[in-house]
Structure formats: structure tokens, C-alpha cells
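Worksheet: the structure to be examined is printed underneath.
Computed from the coordinates by the stated procedures, all read-outs in this text should not be read as laboratory data. In this text the structure is predicted, and so the values were computed from the model without any measurement. We place every Cβ from the backbone using ideal geometry, glycine too, and count neighbours over all the protein chains shown.
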Amino acid sequence: MKCNQCGGKAVVQMRQHKLALCAKDFLQWLPDQVERFIKKYKMFTHSDRVLAAVSGGKDSLSLWDILWRLGYSVDGLYIGLGIDGGIGYSDESRRLTEKFANERGLRLVVVSVPDVYGEAIPDMAHRTRRGKTKPCAVCGLTKRHIMNRIACEGGYDVLVTGHNLDDEAAALFGNTLNWATGHLVRQWPVLEARPPALARKAKPLCRIYEREMAAYAMLRGIEYIYDECPYAEGSKSIYYKELLNRMEADRPGAKLSFYVSFLQAKENGLFAPHADPNAESLHACTTCGQPTSAPGECAFCRMTLKVK
Ligand code: Q46
Ligand code: ZN
């Protein structure tokens, strides 16, 4: 198999793009693609200050690496969840994230949930009704709260996450199965900031296959935490990803076409303007000042108060 660009030995074959590339050309091609989508969806510019949420996994660390290589001004945010799962999950992911930042001289903000809020995520979930079976609802709420707080307090122009095409296609699949219109209306590569203090968010990898991200991390020699969070096992999103992978195996490009056609349908007015939740205004939480849909305290403050 030959590289379609230089004729050398190809190491990555992407049937979905009818493209095979050698390591050198792939490591140039992927950031070029990411840059193309950042511009296409008007995510941010080179004069913006970017905050990348990094978990220690391949997608977020590779995203940080790509944005850094592309010359963006980008700091990292690592949230320590206090999850062990018998594999020292949080400790190891923090170690690898700090190592990554130190090697490149990049600024990393670390927020440890047990240190700041007095309890690890599984304990917090255990003590509130929200985490009867899995701590994911508590975890998601906590991560969103901290990401938004750090992005706003730090004066960042945009918060970016490492969601890749497989993540976005799986979310779209789940939302479509349930006709979750609220989620479908919001699903987009970039979400504008909203008053009071809801940070702008973007997903620069939304059109990049997970497999391409794994190849990038490997070829760049990025050391990342290979294990998923122990609580991810058996999740619906993993099930949807498996289903989509079966379709992809029979029809290369199926995942990409599912997601991109959705984006195009939205651009063509699939949703009526009145379905846009941006129309409804947000309130400032009376305790922490962060945005909340109903007046009073936000869900995060209510949850942490319950814990206290
Ligand atoms: S929500 Fe659930 Fe994830 Fe939190 S507890 Fe782990 S699996 S990390 S994206
Ligand atoms: Zn609050």
C-alpha cells in the first residue's frame, strides 16, 4: 500500500476517504483537516485564547497537541474526579496529562474534585439520589460546572473538548432513536456563549474518526491512558458506537455521512427557529453565579449542598 501523496509506504489507510498516507503525510494531513473544520464552523481564531478540557485520553491530548502545533494559544484543564476503579484511573490520567504539558512547556490548570469539593465523584454520587447505579450523571454535571467556571474565570474565549466523529455520531444516533429534540437542536460543532457567563464551546475533532485519532496519538508518540473510565463499561454510547462500527465495516464512510448529512439538514432549516433553546434566557445561580435555566440555585450547588 502506497502513500497517495508521496508514493512512500502508507501506514494509515482510510477507506472512508479513499486515502492512504505515510506517517509524515498523515501527521500533516490530520491537523490540516482539523484547521479546515475550525474555520468552516467558525469555532475560534488565532487571536482567541483557547482552553482545552483534557482527560489524559488519546482524543483530548491529541487535540491539545494539534492545536499547539497549529499555533493556537491553548491551555489545558484537567479535572481530577477521584476515580480509582482498581486501576488508579484518576491518578494515572493526571500523571500522563501533567507529563504531556511539561514536555511541551504548556500551561495546565488542574482542579481536583476531592480537594475542592471535599468528596470524590463516586462518593458524591453515592450520597445523592443521582448516582444509584452509576456516578455518570453527577460526574457530567460536575465536569460541566468546573469547565464553564474555569473558562469564564480565566477569561478564555472558547472551551474545546476532544469529542470525535464516533462520539458525535453515537450521540446523534441515540438522540434520533429517542427523538430527543432538545439535544438535536443543540448538537453542533460550536455553541455560542450566552449571558450570564455560559462559555463558548467547540468540538474541533467532530469530523475526525476515532481510528484516525488513535493513529495520530500513536504516530506522535503521545502517552495516554489506554483504559476507559471504569464506569463507562456497558454505557449506551458504547453500544451505539458498536452498532455504527458494524455499518461502517460494510459501508465505509457511513458514520461520517450520517453526521455530516445531519449538519447539512440543520443548515437547510431542519429545525424551526422557535425550537432553538437559545431563545430562552438563563439566570445566574444565587450561590455560585454560574448560569442555570431556572431562577435560584443551579443543579451543581444544590447537589454539593446535599452532600455537605
Ligand atoms: S461520566 Fe461516567 Fe465518564 Fe464520569 S464516571 Fe467515568 S464514565 S468519566 S465520560
Ligand atoms: Zn451554582
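Worth a mention:
- For the range 197-203, putting each phi into the Karplus relation 6.51 cos²θ - 1.76 cosθ + 1.60 with θ = phi - 60° gives couplings of 6, 9, 5, 5, 10, 8, 10 Hz, in residue order, rounded to whole numbers and with x for Gly and Pro.
- Per residue convex hull volume, Cα atoms of the range 187-298, in Å³: 177
- Distance violations [Cα-Cα > 18 Å] among 40/203; 134/203; 18/255: 134/203
- Extents of the range 23-132, taken as max minus min of Cα coordinates on every principal axis and listed largest first, are 48, 27, 23 Å.
- Chymotrypsin sites (Phe, Trp or Tyr not before Pro) within the range 208-308, DSSP loop, no more than 16 other Cβ atoms inside 10 Å: 226, 271
- Amide proton proximity set for residue 112, modelled H, under 5 Å, gap of 5+: 80
- The H on the amide N of residue 77, modeled in the peptide plane, is under 5 Å from the matching H of 52, 53, 54, 109, each at least 5 residues off or on a different chain.
- Dipole magnitude (debye, nearest 20) for the range 44-307, charges at Cβ of Lys, Arg, Asp, Glu: 440
- In degrees, nearest ten, helix 165-177 long axis to first principal axis of the chain (Cα): 60
- Translational diffusion coefficient (Stokes-Einstein; Kirkwood radius from C-alpha pairs) of the range 44-307 at 10 °C, 1.306 mPa s, in µm²/s: 81
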